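Following: one structure in structure tokens, then a few remarks.
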Amino acid sequence: MNYKSVADLARDLSTNLYKVPRDVDLIVGVPRSGLMAASILALLINRKYCDLAAFLENRPLYNGSTRRAYASEMTHPQQARKVLVLDDSIATGKSMQEVRQAVAAAGVPCEVLYAAVYATERSHAALDLHFARLELPRLFEWNLFHRWELERCCVDIDGVLCLDPTHDQNDDGDRYLEFLVNATTLARPTHRIGHLVTSRLEKYRPQTEQWLKSAGIEFGELHMLDLPSAQERRQQGAHGSYKAKVYARLDSTFLFIESESRQAEEIALRSGKPVLDFGQQRLVQPSWNVSRVVNRSASLQRKIALRLKSLLT
């Protein structure tokens with residue numbers, strides 16, 4: 001699996017600016033993710049930009065007053081001589097084909113190039129240019145919590161869905177109870193999460209479920225650590241090992257989203273499956289170790305058994 005953060009997107013644009021023809025004088029973003037890419041690119045090469053609808057309808061162009069943009073005398077998008085229409089990524093090419101048809105139907109007088117930041121081996125032929133190859137499967141920071149794949153993810157709570165408790169709040173007492181029901185929301189998923197896996201103690205399940213409901217976070221299962229106290233949890237060092245154990249036995253899951261870098265590495269090592277280090281926005285791939293081999297072997301055995309069962313019944 002491939003993963004790109006917003007920082008990766010900006011870097012991949014910046015290091016491939018040579019691919020943009022020098023006479024492009026307008027960048028057009030394809031809603032929604034393409035707007036972010038178009039804005040970054042336009043700033044990097046000092047060109048004006050707008051969204052696709054504004055381009056097709058030839059709405060007035062606006063820009064800030066802090067610096068003079070290239071071709072600043074251009075007041076409407078269809079005054080541009082050469083336009084680059086940009087999306088963040090392309091997979092099948094269907095969306096870009098629809099964009100091409102819309103531009104053709106509008107009869108714009110400009111020369112138009114079509115581009116995406118990320119393209120696959122198969123899809124890049126549908127473009128005039130792309131900035132980087134990125135094969136499927138892939139996930140992006142900007143849509144991570146808004147896709148159906150969340151159903152197949154394990155997600156940490158503290159540091160991902162809400163801010164971590166402070167040292168004073170983390171007293172395993174009244175202040176911690178206050179934190180649990182009033183935690184500040186961080187990520188805001190708009191799709192159902194398959195598995196929430198947290199080292200919060202099982203005794204705090206009611207408060208945790210209350211907060212999740214108030215935050216509007218939908219989920220399938222909530223896995224919590226069944227130990228008597230936070231002191232016992234610290235003595236056992238059970239944070240990463242517990243999460244890895246849960247993740248490893250859930251065959252349907254393909255990604256764990258973890259808030260702490262050290263735990264992310266431990267979970268990947270112990271589970272043999274990839275982990276997203278949410279704080280650093282990096283994908284931690286499992287090394288070829290015993291855990292990974294055992295996990296893959298057990299998963300394959302279960303799949304074969306289920307297939308045989310379906311054939312025999």
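All of the numbers you see were taken from the coordinates with simple rules; none came from a lab. Note that the structure is predicted; figures quoted are calculated from it, not measured. When we count neighbours, we look across all protein chains shown, and the Cβ atoms used for this are built from the backbone with ideal geometry, even at glycine.
For residue 280 and residue 146, calculate 0.36 nm times their separation in residues minus their Cα-Cα distance, and state this gained length in nm to one decimal.
Taking 0.36 nm per residue and subtracting the Cα distance, the gain is 46.3 nm.
Does segment 147-308 come out rounded, prolate or oblate by the C-alpha gyration tensor, with a ≥ b ≥ c the root eigenvalues, rounded set by a/c under 1.5 and, if not, prolate when a/b is larger than b/c and oblate if not?
prolate
Rounded to the nearest 0.05, what FRET efficiency is calculated for residue 19 and residue 92 with R0 set to 25 Å and r the Cβ-Cβ distance?
Here the calculated transfer efficiency is 0.65.
Tell me the label-point distance for the pair residue 100, residue 184, using the 7 Å Cα-to-Cβ offset, in nm and rounded to one decimal.
So the label points at residue 100 and residue 184 sit 4.8 nm apart.
Amide H neighbours of residue 29 under 5 Å, at least 5 residues apart or on other chains, H built in the peptide plane: list them.
For residue 29, whose amide H was placed from the backbone, the distant partners under 5 Å are 50, 51, 52, 86.
Let me know the volume per residue of the alpha-carbon convex hull for segment 2-141, in Å³.
Per-residue hull volume (Cα only) is 100 Å³.
Between the helical axis of 205-214 and the dominant principal axis of the chain, each derived from Cα atoms, what acute angle in degrees is found, rounded to the nearest 10?
Roughly 20 degrees, rounded to the nearest 10.
Per DSSP H run of n ≥ 4, the term is -39500 (n - 2.57); total these for the chain, divide by its residue number, and report the mean residue ellipticity at 222 nm rounded to 500 deg cm²/dmol.
-11000 deg cm²/dmol
Calculate how steeply helix 290-312 sits against the longest principal axis of the alpha-carbon atoms of the chain, using the helix alpha-carbon long axis, and give the answer as 0 to 90 degrees to the nearest 10.
90
Would you mind calculating the gained length between residue 191 and residue 245 on full extension (0.36 nm times residue separation, minus the Cα-Cα distance), in nm to one decimal?
Taking residue 191 through residue 245 to full extension adds about 17.0 nm, to one decimal.
Test of understanding: what is the full-extension gain from residue 238 to residue 135, defined as 0.36 nm times their sequence separation minus their Cα-Cα distance?
This chain segment gains 33.5 nm when fully extended.
With θ set to phi - 60° and the Karplus curve 6.51 cos²θ - 1.76 cosθ + 1.60, what are the ³J(HN,Hα) couplings of segment 145-153 in order, to the nearest whole Hz, using x for Gly and Pro?
Each residue of segment 145-153 in turn: 9, 10, 10, 5, 4, 4, 4, 10, 10 Hz.
Please work out the Cα center distance from segment 234-260 to segment 108-140, rounded to the nearest Å.
Cα centroid to Cα centroid, the span is 36 Å.
Mind checking which of 116, 166, 148 is farthest towards the positive end of segment 115-173's charge dipole, using Cβ charges of +1 (Lys, Arg) and -1 (Asp, Glu) about the Cα centre?
Farthest towards the positive end: 116.
What list of ³J(HN,Hα) values in whole Hz, one per residue of segment 216-224 in order, does the Karplus curve 6.51 cos²θ - 1.76 cosθ + 1.60 (θ = phi - 60°) give from phi, with Gly and Pro shown as x?
For segment 216-224, the Karplus-derived couplings read x, 9, 8, 8, x, 10, 10, 9, 10 Hz, x marking Gly and Pro.
With the dipole of segment 147-308 worked out from charges on the C-beta (+1 for Lys and Arg, -1 for Asp and Glu) around the Cα centre, which of 210, 182, 264 lies farthest toward the positive end?
264
State, to one decimal in nm, how far the label point of residue 79 lies from the label point of residue 44, with both points 7 Å from Cα in the Cβ direction.
So the two model labels end up 2.7 nm from each other.
Under a Cβ-only charge scheme (Lys and Arg +1, Asp and Glu -1), can you give me the dipole magnitude of segment 2-141 about the Cα centre, in debye to the nearest 20?
The dipole magnitude comes to about 220 debye.
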